[in-house]
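K.L.:
The structure under discussion is supplied below as structure tokens; questions concerning it will follow.
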Amino acid sequence: MSLPSRTAMRSSCLSLAVLAALSCPVTAFAGDPPSDDADPQVATLGKVEVRAEKNGVEAERALTPGGVTVVDGETFEQRAVTNMADALRYVPGVFTQSGTGGDAIFISSRGSNLDATNYDSNGITLFQDGLPVTTADGNNHNRFLDPLAARHAVIARGANALTYGASNLGGAIDFLSPTARNSPTMQLFLGGGSHGQVAARLTAGGVSGNLDGLVTLDSLQRDGYRAHSRQDRMGLYANAGWQASDDLDLRVFATHVDSDEELAGPLTRAQFEQDPYQAQSSAISGNFQLNVKTDRLAVKGTWSPDAGNRLEFGLSYEDQDLYHPIVDKVMVDFDGPGPMPPVEVFSLLKNTDQRTWGGMLRYNARLGDHDVLAGLNVANTHESGGLFRNDGGQRNGLRTIVDNRSDSVEVFVVDRWTIAPAWTLVYGAQGVFTGRDVRNTDVASGVLRNPRDDYSSFNPRIGVIRALTPASEAFASVSRLYEAPTTFELQDDVRGGDATLDAMHGSVAEIGLRGASNGPADATRWHWDASLYYAAIRDEILSIDNVAAPGTSLSTNVDRTVHAGIEALVGAAIPLGGGYRIEPLVSATYNAFSFDDDAVYADNRLPAAPRHAIRGEVMVRNDKGFFAGPTFDVVGARYADFSNTYRVAAYELLGLRVGFERERWEVFGEVRNLLDREYVGVFSVLDRASAGSAILQAGEPRSVYAGLRLRF
């Protein structure tokens, strides 16, 4: 029996991608409603450009033997989305929450970032248009991406991020920018609602022959639902493209974001029960803030000499100016009731400038039954500045000079080989070569701490994809994970001095199903995506809060941990007649993250992640553009400490969404936490927490938002 051609297999994968997209409601697969008539947005946009990009993203997803989710950025305009936690709400396997509703969020993918250094948000590599945003050492401390600046978001969980060159525990997230060729070129968004939130967004651009450009101005102001949680953010996002020839496209991207955000701080259990929305007293006296100014410039090119070859290349430069008062004065009275006043022993205000150069190269070649993708990522980050004493949010003397450097080179290759009809073997590897050089000089003593090390690893992957029908497939894979420590973790090493932590490494196995049902327009259509994975990890880097210097942490390698889980996304379009249909969507995650026969913690659960998290909605839609329905959240209990002595209660939330869209305009309204349930959103992690530990931050109370988008 002869093997099918690669073109035939590629066509099959595209069929799977398109059918999945056509079956998908609001989010998850970057999907359209069933027809152009039912989707005014498609009539407004350039159909060819939008669908070509969408099909390319979905076809790549269909060739990945593991969990990958694609989210359509257009859906962010149909509900209240102000940060990445809102945008990733329906992505299974990713648990993310905002502490006050602002940009400062907690994010974990497949159990990454479950410790006291969750503020560095490591374990997930962020990309913008395929170019790195995450620093060379792997941290995302200073900023996250603005989801409203994305046309699509691709979330490749765990080892499924190999095609991005990543090998870390949580995987990669790539935000693809809108251009004048795939998005409305003139539009205005106005929104607002509870807690003083006011948002405005103006986009203008156009296409002229082989040139195009798009500029977006963005403004967000909010008082926040907790005391001392105001945020003011201004942003400019621009890109310009030149189709130099039929096979060469060049594009330049420019970004400026100025975000000032107050931080409310954590509360004790007694304070939370008294008033969950109050600020920590020291957050007010210390004027805790996260203020970041970001400037980014990137250039990207695509050369496609023929249908079987494609080369992408790009360079980026990002400068982040951080001003971050985060620890108030810790006062100690050394002589008790004596005449000497208490003495300040610690406070912290971080003021640094961080510059990251990044580059990428990706070459895709289709050679008969082989679809080969090879790539290179390079990054170099230099952080300079200082750690100051904090006096009410003002610098009060330099304590430590910071001069941290990191670099990273990631090379990868993967072959998707059609070995038999309906069978694709996926095999490849990633190599990582990365360095850390932490230089912290104590001003008072002149002592230099210089943890410095180089890390490298070869990380293979093998998997298989079986096409079950033209619109569904099963997959399985085994991969190696590897992640070097961040500069935050190295400077927080519990041993102090110049000791360095080992890199995390392990193996993960994954199986799953994804696809969509096919049928006439008046039939019920389903889509699904489910994965089961098990990762055995060695030397995972975990940290606990340093009680001697609150707001800082102590990091160490843990011998063995287990990260396992089930991720599922299920949705449907159920016709009701008369042009109406019901579109349920459920994202469900089951987590089993634990120590593995640890000498101290035995088989305790890892903190911060719930055992289960279910988020969904049930929308009623009609062909005229109306939609309405409930939303719901069911989140299980979490531990706040490694000792598993402090349990944060589970919670359930109910919400409501309603909207109407036409060719030139759309409007939405959303009510969150309709029953006004008080619950813990995020919290700090300790070794052993007690009722008096200040670790709790409230989730959002009942809130109402509305938005209007006009297209010209």
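K.L.:
So Ala227 clears everything in (1) touching a residue at least 40 places away in the same chain (Cβ under 8 Å); (2) open to solvent by 10 Å² or more (accessible area, probe 1.4 Å); (3) of a type in the set (A, V, I, L, M); (4) in a strand (DSSP E or B) except one condition, right? Which one?
P.N.:
(4) is the only condition that Ala227 fails.
K.L.:
Quick one: which residue in Ala254, Ala283 is aliphatic (A, V, I, L, M), under 25 Å from Asn140 (Cβ atoms) and crowded, with 19+ Cβ neighbours inside 10 Å?
P.N.:
Ala283
K.L.:
Kindly indicate whether Pro584 is touching a Leu at 6+ places or on another chain (Cβ under 7 Å) and of a type outside the set (Asp, Glu).
P.N.:
Spelling it out, it is not the case that Pro584 is touching a Leu at 6+ places or on another chain (Cβ under 7 Å) and of a type outside the set (Asp, Glu).
K.L.:
Also: Looking at the structure I just gave you, is Arg416 part of a strand (DSSP E or B), under 30 Å from Ser456 (Cα atoms), under 23 Å from the mean Cα position of the chain (by Cα) and of a type in the set (Lys, Arg)?
P.N.:
Criteria not met by Arg416.
K.L.:
Next up: Restrict the check to segment 84-92 and report whether at least one residue is over 25 Å from His324 (Cβ atoms) and of a type in the set (Ser, Thr, Tyr).
P.N.:
Looking for residues that are over 25 Å from His324 (Cβ atoms) and of a type in the set (Ser, Thr, Tyr), one finds at least one in segment 84-92, hence yes.
K.L.:
Could you figure out which of (1) part of a strand (DSSP E or B); (2) of a type outside the set (Val, Ile, Thr); (3) crowded, with 17+ Cβ neighbours inside 10 Å isn't true of Ala608?
P.N.:
Every listed condition holds for Ala608 apart from (1).
K.L.:
Next question. Scan segment 378-410 for residues that are touching a Leu at 6+ places or on another chain (Cβ under 8 Å), open to solvent by less than 60 Å² (accessible area, probe 1.4 Å) and not charged (D, E, K, R) and report the count.
P.N.:
9
K.L.:
If we keep just the residues of segment 263-317 that are of a type in the set (Ser, Thr, Tyr) and part of a loop (DSSP other than H, G, I, E, B), which is farthest from Leu348 (Cα to Cα)?
P.N.:
Going through the qualifying residues, I end up with Tyr277.
K.L.:
Report every pair of residues separated by at least 6 positions or lying on different chains whose Cβ atoms are under 9 Å apart, first residue within segment 489-511 and of a type in the set (Gly, Ala, Ser), second part of a loop (DSSP other than H, G, I, E, B).
P.N.:
Qualifying pairs under 9 Å: Gly497/Pro451; Ala499/Pro451; Ala503/Ala484; Ala503/Pro485; Gly506/Leu169.
K.L.:
Something else about it: Does Ala509 qualify as being open to solvent by 40 Å² or more (accessible area, probe 1.4 Å) and in contact with a Pro (Cβ under 6 Å, 6 or more places away or on another chain)?
P.N.:
For Ala509, the condition - open to solvent by 40 Å² or more (accessible area, probe 1.4 Å) and in contact with a Pro (Cβ under 6 Å, 6 or more places away or on another chain) - is not met.
K.L.:
Another question, then. State whether one or more residues within segment 638-660 are charged (D, E, K, R), farther than 25 Å from Phe627 by Cα, open to solvent by less than 40 Å² (accessible area, probe 1.4 Å) and in a strand (DSSP E or B).
P.N.:
Yes - at least one qualifying residue is present in segment 638-660.
K.L.:
Taking Ala365 and the conditions (1) modelled with pLDDT of 95 or more; (2) part of a loop (DSSP other than H, G, I, E, B); (3) of a type in the set (Gly, Ala, Ser), which numbered condition does it fall short on, given that it satisfies the others?
P.N.:
Failed condition: (2).
K.L.:
In segment 126-173, what residues are among the polar types (S, T, N, Q) and assigned to a loop (DSSP other than H, G, I, E, B)?
P.N.:
Thr134, Thr135, Asn139, Asn140, Asn142, Ser167, Asn168
The rows are residues; the columns are (1) at pLDDT below 90; (2) open to solvent by less than 10 Å² (accessible area, probe 1.4 Å).
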residue	(1), (2)
Ser23	yes, yes
Asp37	yes, no
Thr44	yes, no
Glu49	yes, no
Gly56	yes, no
Asp86	no, no
Thr96	no, yes
Ile105	no, no
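K.L.:
Do you know which residues across segment 292-307 are open to solvent by less than 20 Å² (accessible area, probe 1.4 Å) and in contact with a Leu (Cβ under 7 Å, 6 or more places away or on another chain)?
P.N.:
Val292, Ala298, Gly301 - these are the residues of segment 292-307 that are open to solvent by less than 20 Å² (accessible area, probe 1.4 Å) and in contact with a Leu (Cβ under 7 Å, 6 or more places away or on another chain).
K.L.:
To continue, here is another question. Out of curiosity, is Phe632 assigned to a strand (DSSP E or B), of a type outside the set (S, T, N, Q) and surrounded by fewer than 21 Cβ atoms within 10 Å (Cβ to Cβ)?
P.N.:
Considered against the rule, which asks whether it is assigned to a strand (DSSP E or B), of a type outside the set (S, T, N, Q) and surrounded by fewer than 21 Cβ atoms within 10 Å (Cβ to Cβ), Phe632 comes out as yes.
The values are calculated or read from the model by the stated rules, or taken from the named source; none is laboratory data. Please read these numbers as outputs of a predicted model, since none were measured by experiment. Glycine also receives a Cβ, built like all others from the backbone with ideal geometry; neighbour counts cover every protein chain displayed. All accessible areas refer to the heavy atoms of the entire protein, side chains included, with ligands and DNA or RNA removed. Shrake-Rupley method; radii C 1.70, N 1.55, O 1.52, S 1.80 Å.
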